[in-house]
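Q: There's a structure below that I have some questions on.
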Amino acid sequence: MQKSIYPKSILALGIGALLASCSDSHFEEINKDPNRPDNVTTTTILLSAEKQVMDNIRNENSSLRGSQLFSQYYSQNIYSDQSRYDIPRSYSDTYWSNAYKALNNLNEIIKLNTDPATRNIATAGTAGTNANQIAIARILKAYTFQNLTDVFGNIPYQSYGNQDPEFQALQQEPENLSPAYASQQKIYLDILNELKAAGDTLIKYKSATTFGNYDVIYKGKNELWAKFANSLRLRIATRIRKQLPAESNTHFEDALTKGVFTSNADNAVFKYQLLAPNEAPLYRATVTANRKDFAVSHVIINVLKGELGTVKVQDPRLPIYATKNAAGNYVGQPYGLPVAAAGLLTATDVSLPGTAVNAANFGEVLQEYAEVAFLISEYKNWDQQEYINGVTASLQKWGVAQADITTYLAALPKADKANVLNQKYLALYTQGDEAWAEIRRTGYPTFLVKPGDTVWSRTVDGKTTDYKFQPLFGEGVPERLYYPPKEQSVNLANYQNAVKAQGNDDITTPLWWNK
């Protein structure tokens, strides 16, 4: 496999330029010989890898033009091809390549902490013990691999704790440029075990700190990393419940016992910076690039206004999620218009992403307490209290006043499948990757636009034209993305084996957990 896809380089990015502002007190240290691997510390690698992971998951192609559209949070108001599922295969190349770059960096942390020649040096300064560094790297690897497999299905995979011969990714000694693809079933089960083992390690040393301020997500707090590992297990165990109910329940119960998120203080968040080049991905794609061709969709605007869905009052998150148009109103861009109609509404006619959402220093969420509460509600057969906990946590996270929270909660219908999953969808706003996965898994919310639905009626000179949603490919929300085209030229045999095992390499082939 080409090195452009599975690079051997430890640091594919200029660490000093990238992340110095994330940890100002370490600016000088980071900028000492940043491109010499012999002098790169594990703390610096972790700092770079965290940003690589989040930049990639929220990048313009896979997020703004992908999962955010598939989830119908946003809609295009000039070119509408991706809204209608005409997805360039080149998008996959970037996402795939950058994910494996980040994974290689995380794996380098593990190698430096296990190699007898470097393991003592790796613990210098604020880095922490070998075992704790390895545990955090395993958690971030599990998170990254889970996102990768949810996009593509079977992928090349690597495990710290499982030497399965099908797990061939990230091999460098000797370098493996054509790794096999592991099945999604094996990947999911191993990710659960990796998270369990890593969480168990960090629980034993929960008062310790690891990586210090180089860790943007938790500032090195082991106890929070352990909660994150167990909370991710809830997400992943829920995803596989249809296929493997026994394994799902075992991991879910064990994670609950050992400790998951219990408030927004536990949220896993990567907070970006105000200054270049460390601004948030959405800010870079819109403000920095001076583009306004992505607006908030009419679907979520209408739900937040209380005009669609089961809650009939205005959601207090509306002025946070979206801005008013030039006329002073909240107006969503009709989702999935044909190209000829997409530009009829200008950026001043519709609502753009809210100021807080589109801030340069926005905190991108890996996972939050609201999601955990909704997962527990589902596990407990749509538990009312956990449902309320989830809604409350989401409102509090966005800074909604307590009086408005009380009013909104009073208008909520009782917990059931539709109501819990509808609220989960609203809480996952900005987290397109997870929202897309949940839409595929559950089929909710049912108020999303479907093929043939009228999305806009326009009257000009007394004549009304109805515009319907007509996908260019497929018959509904994409089940996955295409494999990167490069795989067919540099790893053809393994690509063909993956397609044979999984199904056609197109957007209509469901993933293992969704079959």
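The values are calculated or read from the model by the stated rules, or taken from the named source; none is laboratory data. What you see is a predicted model; the values in this text were computed from it and never measured. Glycine gets a Cβ as well: all are built from the backbone with ideal geometry, and neighbour counts include every protein chain shown.
Q: Would you check which residues across the range 133-175 are out of contact with any Asp or Glu (no Cβ under 7 Å at 6 or more places or on another chain) and over 21 Å from GLN52 (Cβ atoms) and list them?
A: GLY153, ASN154, GLN163, ASP164, PRO165, GLU166, PHE167, GLN168, GLU173, PRO174
Q: Now, a different point. Restricting to the range 78-95, what's the tally of residues that are of a type in the set (D, E, K, R) and either surrounded by 23 or more Cβ atoms within 10 Å (Cβ to Cβ) or touching a helix residue (DSSP H, G or I) at 6+ places or on another chain (Cβ under 8 Å) (or both)?
A: Total meeting the criteria: 3.
Q: Take VAL331 and tell me if it is surrounded by fewer than 17 Cβ atoms within 10 Å (Cβ to Cβ), β-branched (Val, Ile, Thr) and over 24 Å from the mean Cα position of the chain (by Cα).
A: Considered against the rule, which asks whether it is surrounded by fewer than 17 Cβ atoms within 10 Å (Cβ to Cβ), β-branched (Val, Ile, Thr) and over 24 Å from the mean Cα position of the chain (by Cα), VAL331 comes out as no.
Q: Continuing with this model, one more query. Are any residues in the range 64-96 more than 15 Å from TRP436 (Cβ to Cβ), of a type in the set (Gly, Ala, Ser) and out of contact with any Leu (no Cβ under 8 Å at 6 or more places or on another chain), and if so, which ones?
A: SER90
Q: Next question. Among the residues of the range 311-321 satisfying the criterion of being buried (at least 18 other Cβ atoms within 10 Å of the Cβ) and under 18 Å from LEU448 (Cα atoms), which is farthest from the chain's Cα centre (by Cα)?
A: Top of the filtered list is VAL311.
So that you can scan it fast, the table gives a plain yes or no per residue for (1) at pLDDT below 95; (2) aromatic (Phe, Trp, Tyr):
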site: THR446; (1), (2): no, no
site: GLY452; (1), (2): no, no
site: TRP456; (1), (2): no, yes
site: VAL460; (1), (2): yes, no
site: PHE469; (1), (2): no, yes
site: ASN494; (1), (2): no, no
site: VAL499; (1), (2): no, no
site: TRP513; (1), (2): no, yes
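Q: OK, next. Against the condition closer than 26 Å to GLN168 by Cα, crowded, with 20+ Cβ neighbours inside 10 Å and small (Gly, Ala, Ser), how does SER75 come out, does it pass?
A: Answer is no for this residue.
Q: Using beta carbons and a limit of 7 Å, which pairs, at least six apart or on different chains, have the first residue in the range 104-128 and free of Cβ contacts under 8 Å to residues at least 12 places away in the same chain and the second one in a loop (DSSP other than H, G, I, E, B)?
A: Every condition considered, the pairs that remain are THR123/THR129.
Q: Right, next: Would you confirm whether any residue within the range 164-178 is small (Gly, Ala, Ser), outside any loop (DSSP other than H, G, I, E, B), more than 23 Å from the chain's Cα centre (by Cα) and surrounded by fewer than 18 Cβ atoms within 10 Å (Cβ to Cβ)?
A: Scanning the range 164-178 turns up no residue that is small (Gly, Ala, Ser), outside any loop (DSSP other than H, G, I, E, B), more than 23 Å from the chain's Cα centre (by Cα) and surrounded by fewer than 18 Cβ atoms within 10 Å (Cβ to Cβ).
Q: If we scan the range 131-154, do we find a residue that is hydroxyl-bearing (Ser, Thr, Tyr) and touching a Gly at 6+ places or on another chain (Cβ under 8 Å)?
A: no
Q: With the requirement that a residue be over 26 Å from ASP55 (Cα atoms) and of a type in the set (Asp, Glu), what does the range 318-375 give you?
A: ASP349 - this is the single residue of the range 318-375 that is over 26 Å from ASP55 (Cα atoms) and of a type in the set (Asp, Glu).
Q: On the given criteria, is LEU395 among the aliphatic types (A, V, I, L, M), under 14 Å from SER377 (Cβ atoms) and not in a loop (DSSP other than H, G, I, E, B)?
A: Against the criterion (among the aliphatic types (A, V, I, L, M), under 14 Å from SER377 (Cβ atoms) and not in a loop (DSSP other than H, G, I, E, B)), LEU395 does not qualify.
Q: Could you run through the range 30-59 and say how many residues are in a helix (DSSP H, G or I) and at pLDDT below 95?
A: Residues flagged as in a helix (DSSP H, G or I) and at pLDDT below 95 within the range 30-59 amount to 4.
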